[in-house]
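The values are calculated or read from the model by the stated rules, or taken from the named source; none is laboratory data. Keep in mind that what you see is a predicted model, and the values were worked out from it rather than measured. Every residue, glycine as well, gets a Cβ built from its backbone with ideal geometry; the counts of neighbours run over all protein chains shown.
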Amino acid sequence: MNFLARFGAYALSGCLPVALVLSTDGPPRTGPGGHFSPAGFPNLLLRSHEGKEVRFYDDLLKGKVVVLHFFYTRCDGVCPQTVENLLEVQRILGERVGRDVFLHSISLKPDEDPPERLAAYAKEVGAGPGWLFLTGEVDVVERLRRGLGFVDPDPEVDKDKSQHVGMVLFGNEARQSWVACPGGSSPALMAEQILWMVPEPEERAGGGGPTDPDRTPILPGGKTK
Amino acid sequence: MVSKRKGESFRRSKKGLAPGAADGLGRRDLLKMGLLATGGYLVARKGTSSPLILVRRRDDFPPSPPTTPWAVALPMQQVAQNVALNPAPAEFPVQGEAPRAPHQKWSQFLPQKTYELVAAETTHVFHPDLPAPSTVWSFNGMIPGPLIKANYGEPIVVRFRNSLPTVAQHVGPGRPEISIHLHNGHTASESDGNPADFYATPFFKDNHYPNVLAGFASTHQPNGDPNEALSSLWYHDHRFDFTAPNVYKGLAGMYSLFDNLDTGNELTGLQLPSGAFDVPLFFADKLFQANGQVFFDTFNFDGLLGDKDTVNGKIQPYFNVARRKYRFRMLNGGPSRFYEFFLSNGLPFIHISNDGNLLPAPITKESLRISVAERIDAIVDFSNCSIGEEIILQNRLEQENGRGPTGHLLDPDEAREVLKFVVTSDADDFSEVPATLRTLPTINPNGAAATRTWRFERTNGQWAINGKFFNPNEIRATPKLNTSEIWILKNNSGGWSHPIHIHLEEFRVQKINNQDPQGTLVSRKDVIELGPNTEVKLFMQFRDWLGKYPMHCHNTVHEDHQMMLRWDVIP
Ligand SMILES: [Cu+2]
């Protein structure tokens, strides 16, 4: 399967040196270690399983509450569990996915995962609206992976995609608030954590108020686990 | 499984590379050519067939703005003052208080003193050379927060009020919801600052600290075991998922506890250096942005290191000392750095206390190793120094990232210089270094009701304990009240160090890698540095209080990524 053929001009544009792409983006984009600053993300080009070109910042993050992780469709390690958990999160959050919360799964193996394959995968697992599976030029995916901290400090481990970082990042772009949890975490808890990021209409002056010490999380259609 | 070599299927050696990205051109060249954004990452590539790779290297970090060492005096921590609370604290939550379970044994330990610590967004000057004051989250406007001085037999209530911005107002790392834990306090669950019991502004919570000896309601009724007395504690936020940024932004302070041996008076009891010569030192490394604001990297799941060492809220301060003995209560306030302290003139440390628990006898050491959240109390005797002598407190432990120390000690000339002592005067010294300090409590490991094994793991960059992640609703162990257990902690996660902290009661190390503990490990501790390929066997007790408590890694970045579990003491 020829990646360049599938992506055409888009692939070529993705070959722009990363430094150039970033330097045209204005304010500093990174913190230490090349990590992105939550104050400004690069607007790199990706392609969704729906075949659409999307900009990382403008289309995927800006003004949104986002759940984001890296995976690949042929992963037989952590990905199946993470995706299963995210499906449960999607079920718990119901129609809020696509309205209040957006899920982004970015392929670590863009050469193996063109949009068509991602589309088939999305259908197979039962991902609903508001959940995008994304691929892109390999340098772009690598830049996103590093910028978002999905990196192992051991270069040998980092090279081995079967050991890729299985965290799920979630955040509120406008609030510059980001947290990650393990993809194998409880989906009910994950849904609760994600909702922390969503500005609630019922949000009190305190922004959520105190928690009940012996609470069980009450989630729309959710179960406690 | 070995991945396909990066770029193999793309053959883009001829196109798309920045001119400056050719082999052999360094960051400076790229900057000169205007090709590198200001972010401080390095664009490099390996061989002509591979794509651009952004390499993380220590020297890539945009450094904090320069600051002149030894320009600021070490601040003495201000002591919290007893104030009347309105409404008065009570067994059940009062008006304005966040929900909580009723205080256990309230009427037995009615507070004799009350304090109010207000968490708020304020500014703080870490160093006058920084271009602007830094926005911080502080208690009563102080970094670190006010020093609480407490006495055994004198129960207190500390009202921790949240006056931080609302969640909706707040932008940036951290979350303005708090749950304040008194680290090593023998504290009832509802006052323990459980990670899940956080509250937002304008609520407060009254934490009840009875300052009572462990065993008071079990093995040593009615007053507890005097050998269980604690001395150097600290309080900090414990809001789950956000502890690292919240504490990094300033929500922490220290707590000294006195009894009839460790009296706070060098004419009585053990006659340890006291008053102005009993100096708490809060160590915290930080990174600053060019504008002087603290920088917290949210896209780092491994651990954060700063390039500026602060002590009591100042970068590289100096401290004028007299020619006499001092007691330093040293706290590693995190988030992820470990220290091994040396004095530049070779002066020894007289190690008297581990994690706030006096040792059976002092141990003289050339260096002090402190992992995150550990405390060491040490006496330093400057009496043989000459007036004008300058002594640097050096950290010689090499650490490059959140994994923990590399295992290598830096040479003295490569050390991080943290604090400078300047010997400036003479002063009376009535203090002693007693031959014995506090006897270790008698324990009976053979009477342990259960043995539990906990593996601290890392798979696919995820922090786990026995393969599971923190869930505040999942109870992973239920020791029965007033029993003891053996807990075995294992770390096989190649190369990573985890400072593990267990709430409620300090433990006793029985074995470390199947060897008997030696030296200062023969002590009561509440944090164990669980290094790579290490196994420790701990004797644990669950006395006097019921309810939920956590065990977690105190590299707070690991903790926030769910290397934590809940256990409950049940009737
Ligand atoms: Cu850890």
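Taken over the stretch B:132-165, the residue count meeting the criterion of being of a type in the set (A, V, I, L, M) and under 21 Å from the mean Cα position of the chain (by Cα) is 7. Considering only the stretch B:422-445, I want to know if a residue exists there that is of a type outside the set (K, R) and within 16 Å of the ligand (Cβ to nearest atom). Within the stretch B:422-445, none of the residues are of a type outside the set (K, R) and within 16 Å of the ligand (Cβ to nearest atom).
Tell me, please, whether a residue that is closer than 27 Å to A:A180 by Cα and away from every other protein chain (no Cβ under 14 Å) can be found in the stretch B:432-451.
No: the stretch B:432-451 contains no residue that is closer than 27 Å to A:A180 by Cα and away from every other protein chain (no Cβ under 14 Å).
In this structure, does A:V168 turn out to be crowded, with 23+ Cβ neighbours inside 10 Å and either touching a strand residue (DSSP E or B) at 6+ places or on another chain (Cβ under 9 Å) or of a type in the set (G, A, S) (or both)? Judged against the criteria, A:V168 is a match.
Put simply, of B:L331, B:L358 the only residue that is farther than 24 Å from B:D560 by Cβ, assigned to a strand (DSSP E or B) and more than 16 Å from the ligand (Cβ to nearest atom) is B:L358. As for the stretch A:132-147, it holds at least one residue that is at the interface with chain B (Cβ under 8 Å from one of its Cβ atoms), of a type outside the set (K, R), touching a Cys at 6+ places or on another chain (Cβ under 8 Å) and closer than 22 Å to A:S107 by Cβ.
Taken over the stretch A:151-176, the residue count meeting the criterion of being of a type outside the set (D, E), farther than 20 Å from A:L87 by Cα and within 7 Å of chain B (Cβ to nearest Cβ) is 9. Selection of first residues in the stretch B:488-503 that are closer than 23 Å to B:S191 by Cβ and away from every other protein chain (no Cβ under 14 Å) and of second residues that are of a type in the set (A, V, I, L, M, F, W, C) and part of a loop (DSSP other than H, G, I, E, B), restricted to Cβ pairs under 9 Å at least 6 apart or on distinct chains, gives the following pairs, ordered by first then second residue: B:I500/B:M563; B:H501/B:V372; B:H501/B:A373. Screening the candidates B:V522, B:V536, B:V509 for the property of being within 16 Å of the ligand (Cβ to nearest atom), more than 14 Å from chain A (Cβ to nearest Cβ) and within 30 Å of B:Q399 (Cα to Cα) yields one hit, B:V536. Each residue in the stretch B:425-450 was checked for being farther than 14 Å from B:Y326 by Cα, part of a strand (DSSP E or B) and of a type in the set (S, T, N, Q), and 0 pass.
The one condition from (1) within 23 Å of B:I143 (Cα to Cα); (2) away from the ligand (no atom under 16 Å from the Cβ); (3) of a type in the set (A, V, I, L, M) that B:A373 does not meet is (2). All conditions in (1) at pLDDT below 95; (2) surrounded by 17 or more Cβ atoms within 10 Å (Cβ to Cβ) hold for B:T406, with the sole exception of (2). Looking across the stretch B:451-466, the residues that are at pLDDT 95 or above and more than 14 Å from the ligand (Cβ to nearest atom) come down to B:T451, B:R452, B:T453, B:N466.
Does the stretch B:495-506 hold any residues that are touching a Lys or Arg at 6+ places or on another chain (Cβ under 7 Å) and away from the ligand (no atom under 16 Å from the Cβ), and which are they? Correct list: B:E505, B:E506.
For the residues B:T135, B:T114, the requirement of being among the β-branched types (V, I, T), in contact with a strand residue (DSSP E or B) (Cβ under 9 Å, 6 or more places away or on another chain), assigned to a strand (DSSP E or B) and over 23 Å from B:V294 (Cα atoms) singles out B:T114. Is it the case that some residue within the stretch B:198-211 is within 10 Å of chain A (Cβ to nearest Cβ) and either closer than 18 Å to B:S256 by Cα or among the basic types (K, R) (or both)? Yes: the stretch B:198-211 contains one or more residues that are within 10 Å of chain A (Cβ to nearest Cβ) and either closer than 18 Å to B:S256 by Cα or among the basic types (K, R) (or both). Just one of the listed residues (B:T406, B:T453, B:T459, B:T424) is β-branched (V, I, T) and more than 30 Å from A:Q163 (Cβ to Cβ), and it is B:T424.
If I filter the stretch B:386-412 down to residues being among the polar types (S, T, N, Q) and within 14 Å of another protein chain (Cβ to nearest Cβ), which single residue comes out as farthest from the ligand (Cβ to nearest atom)?
By that ranking, first place goes to B:T406.
Of all residues assigned to the stretch B:471-488, none qualifies as being aromatic (F, W, Y), within 16 Å of the ligand (Cβ to nearest atom) and not assigned by TED's automatic domain parsing to the domain that holds B:L347. Return the pair list, or none, for Cβ contacts closer than 7 Å from residues in the stretch B:548-567 that are within 13 Å of another protein chain (Cβ to nearest Cβ) and in contact (Cβ under 8 Å) with a residue 12 or more places away in the chain to residues that are near the ligand (Cβ under 9 Å from one of its atoms) and of a type in the set (A, V, I, L, M, F, W, C), at least 6 apart or on different chains. Within 7 Å, the pairs are B:H558/B:W463; B:E559/B:C553; B:H561/B:W463; B:Q562/B:W463; B:M563/B:F456; B:M563/B:W463; B:M563/B:C553.
Check whether at least one residue in the stretch B:554-564 is assigned by TED's automatic domain parsing to the domain that holds B:N473, touching a strand residue (DSSP E or B) at 6+ places or on another chain (Cβ under 7 Å) and more than 16 Å from the ligand (Cβ to nearest atom), and report yes or no. Within the stretch B:554-564 (the criterion being assigned by TED's automatic domain parsing to the domain that holds B:N473, touching a strand residue (DSSP E or B) at 6+ places or on another chain (Cβ under 7 Å) and more than 16 Å from the ligand (Cβ to nearest atom)), the answer is no, since none of the residues qualifies.
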